[in-house]
Amino acid sequence: MPIVVNLDVMMAKRKMSLNDLSAKVDVTLANLSILKNNHARAVRFTTLEAICRALDCQPGDILEYVPEEE
């Protein structure tokens with residue numbers, strides 16, 4: 001998939017655990033884990049907004065487009 005989720009990188013930079021982030025954004029650990037492990041098929045803007053607020057970052061810090069090689 002050409003969209004890569006760098007949530008784990010931002011969490012490490014902010015020294016925040018998945019449990020802490022889950023509590024701050026009110027999203028289950030299971031759903032955050034799916035997002036963090038790049039298995040999500042979609043993300044709501046409200047969830048992305050809450051994550052950016054909690055991690056003090058921009059959406060582009062979390063989501064990255066990497067073209068697939070042909």
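Just so it is clear, none of the values below were taken in a lab; they were calculated from the coordinates. Quick caveat, the model's predicted, so the values are computed rather than measured. Ideal geometry is used to build each Cβ from the backbone, glycine not excepted, and the neighbour counts take in all protein chains shown.
Remarks
- Cα-based reach from Lys15 at 17 Å (exclusive), listing aspartates and glutamates while leaving out same-chain residues under 8 positions away: Asp56, Asp61
- Amide proton proximity set for Leu63, modelled H, under 5 Å, gap of 5+: Asn6
- Cleavage-rule hits, trypsin sites (Lys or Arg not before Pro), the chain, DSSP coil, Cβ neighbours within 10 Å at most 12: Lys15, Arg41, Arg44
- Working from Cα pairs under 8 Å separated by at least six residues, relative contact order for the chain is 54 percent.
- Shape descriptor for the chain: Rg over Rh equals 0.96 (Cα atoms; Rh from the Kirkwood inverse mean 1/r).
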